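Q: This is the structure I want to talk about, given as structure tokens.
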Amino acid sequence: MTQIDQAVDIREGEELDVAVVDQFMKQAIPGLNGVPTIKQYPGGASNLTYQVDYGDKSYVLRRPPFGKIARSAHDMLREARVMQALKPVYPYVPNIVAICDDHEVLGCDFYVMERLKGIILRQDFPKDFELNEADTRKLCLNVIDKLVDLHKVDAKDAGLDKLGKGLGYVQRQIGGWSDRFRKSRTDDVGDFETVMSWLNDKMPADTAQVVIHNDYRFDNVVLNPDNPFEVIGVLDWEMATIGDPLMDLGNSLAYWIQADDEGPFQILRRQPTHRPGMLTRREVVDYYMEKSGFQANNFDFYEIYGLFRLAVIIQQIYYRYYHGQTKDKRFAGFGHAANYLEKRCLRLMGESDL
């Protein structure tokens with residue numbers, strides 16, 4: 001059996017007070033005994049995710065990053081409530097077991113959910129996880145199917161129809177991400193003005209109003225260790241909202257780096273979409289359209305939007321590093337990544353017939 005995804009030692013400066021966590025957990029969850037073991041999941045550059053173990057009972061605690069953060073960012077309470085509402089109609093959401101808005105506990109809002117014990121595919125397949133080309137394709141299609149399933153959820157039935165702001169989602173995204181980029185730009189990164197202008201000029205109307213994940217990737221999907229084709233969980237609902245499904249797919253494609261992509265793009269790869277059998281981006285779009293029933297005359301807008309949005313996310317993190325607000329060396333090259341993504345957007349814009 002392939003190794004189940006595990007947490008590791010906690011990064012310096014991101015430790016939790018074990019006694020405080022223990023007291024909260026025992027008040028919130030009956031039947032816990034002993035002192036917990038706390039470790040940290042290494043992935044992600046935003047919210048912090050910890051594994052809290054009491055013997056064979058295992059939980060996951062999610063909290064915002066340490067330090068000063070924007071008031072509207074890292075809303076743990078919203079994420080937990082979205083998950084609670086979605087769970088009855090989209091069973092791949094982990095169960096929420098406790099929510100805390102008392103800042104006397106950890107100095108922030110946080111929540112605790114069940115830990116789904118399974119395989120999470122990150123940059124490469126695990127060493128003992130070998131699939132042939134046909135099986136890799138089967139896995140790939142199953143993962144895309146879960147995004148299609150999400151976009152078919154009846155938001156009103158789930159009580160989530162008020163989660164978004166209604167029509168105009170595409171326009172709000174282009175305006176919002178453009179504003180965030182301008183506020184987080186550093187002197188060593190391009191201005192993206194040509195890209196932002198193109199996106200503003202080419203905006204289509206909203207395709208539909210559905211529940212979207214906004215960060216759907218392989219490393220947010222949990223696979224059954226006894227049957228790795230089966231998706232048993234979808235994680236990281238921080239940015240979920242009501243919005244345009246093709247914008248959601250465009251976000252996912254920004255991370256979908258395939259085997260024949262150029263070297264600088266390969267450096268950014270964080271999921272095993274380069275493996276033989278994985279669909280190309282074009283095949284992903286065609287398959288999604290066929291299964292979902294949504295259509296776009298030209299997907300270039302959504303692909304370029306996804307790359308631009310990824311560039312803004314990278315740049316916001318790099319801004320903190322550039323100004324000494326974080327010393328995490330993982331972020332030192334993020335400025336180069338943002339510059340590359342600007343060049344990629346410009347090239348795709350030149351090739352687009354929109």
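The values are calculated or read from the model by the stated rules, or taken from the named source; none is laboratory data. If you're wondering where the values come from, they're calculated on a predicted model, not measured in any experiment. Note that each Cβ is placed from the backbone with ideal geometry, even for glycine, and that neighbours are counted across all protein chains shown.
Q: Asp102 - would you say it is more than 21 Å from the chain's Cα centre (by Cα), surrounded by fewer than 19 Cβ atoms within 10 Å (Cβ to Cβ) and modelled with pLDDT under 95?
A: Answer is no for this residue.
Q: Go through (1) without any contact (Cβ under 8 Å) to a residue 12 or more places away in the chain; (2) part of a loop (DSSP other than H, G, I, E, B); (3) not aromatic (Phe, Trp, Tyr) and name the single condition Arg270 misses.
A: So Arg270 meets the others, but not (1).
Q: Of the numbered conditions (1) crowded, with 21+ Cβ neighbours inside 10 Å; (2) within 16 Å of the chain's Cα centre (by Cα); (3) touching a residue at least 60 places away in the same chain (Cβ under 8 Å); (4) within 25 Å of Ala205 (Cα to Cα), Asp244 satisfies every one except a single condition; which is it?
A: (2)
Q: Output the residue which, of all residues in region 328-342 that are loosely packed, with under 14 Cβ neighbours inside 10 Å and in a helix (DSSP H, G or I), is farthest from the chain's Cα centre (by Cα).
A: Looking at the filtered set, the residue picked out is Lys329.
Q: A further question follows. Go through the residues of region 21-30 one by one and say whether even a single one is assigned to a helix (DSSP H, G or I), on the phi < 0 side of the Ramachandran plot and touching a helix residue (DSSP H, G or I) at 6+ places or on another chain (Cβ under 8 Å).
A: Yes, there is a match, as at least one residue in region 21-30 is assigned to a helix (DSSP H, G or I), on the phi < 0 side of the Ramachandran plot and touching a helix residue (DSSP H, G or I) at 6+ places or on another chain (Cβ under 8 Å).
Q: From the list Lys165, Lys146, Lys183, which residue is assigned to a helix (DSSP H, G or I), within 21 Å of Ile313 (Cβ to Cβ) and either modelled with pLDDT of 95 or more or not assigned by TED's automatic domain parsing to the domain that holds Arg78 (or both)?
A: Only one candidate passes the filter, namely Lys183.
Q: Which residues, counting only those in region 105-117, are of a type outside the set (A, V, I, L, M), part of a loop (DSSP other than H, G, I, E, B) and buried (at least 20 other Cβ atoms within 10 Å of the Cβ)?
A: Asp109, Arg115
Q: Here's something else I'd like to know. Only one of these is in contact with a helix residue (DSSP H, G or I) (Cβ under 6 Å, 6 or more places away or on another chain) and among the basic types (Lys, Arg): Lys183, Lys291. Name it.
A: Being in contact with a helix residue (DSSP H, G or I) (Cβ under 6 Å, 6 or more places away or on another chain) and among the basic types (Lys, Arg) holds for just one of Lys183, Lys291, which is Lys291.
Q: In addition: Provide a single number: the residues in region 186-213 that are of a type outside the set (Phe, Trp, Tyr), within 16 Å of Leu307 (Cα to Cα) and not in a helix (DSSP H, G or I).
A: Here the count works out to 5.
Q: Can you tell me which of Asp236, Asp206, Asp188 is assigned by TED's automatic domain parsing to the domain that holds Gly166, under 21 Å from Asn297 (Cα atoms) and in contact with a helix residue (DSSP H, G or I) (Cβ under 6 Å, 6 or more places away or on another chain)?
A: None of the others qualify; the one that does is Asp206.
Q: Between a residue in region 176-190 that is under 21 Å from Met239 (Cα atoms) and any residue that is polar (S, T, N, Q) and at pLDDT 95 or above, which pairs come within a Cβ distance under 8 Å, given they are 6 or more apart or on different chains?
A: Partner pairs satisfying both residue conditions: Ser178/Asn200; Phe181/Gln315; Ser184/Gln315.
Q: What number of residues within region 296-316 satisfy the criterion of being surrounded by fewer than 15 Cβ atoms within 10 Å (Cβ to Cβ) and in contact with a Ser or Thr (Cβ under 8 Å, 6 or more places away or on another chain)?
A: Here the count works out to 1.
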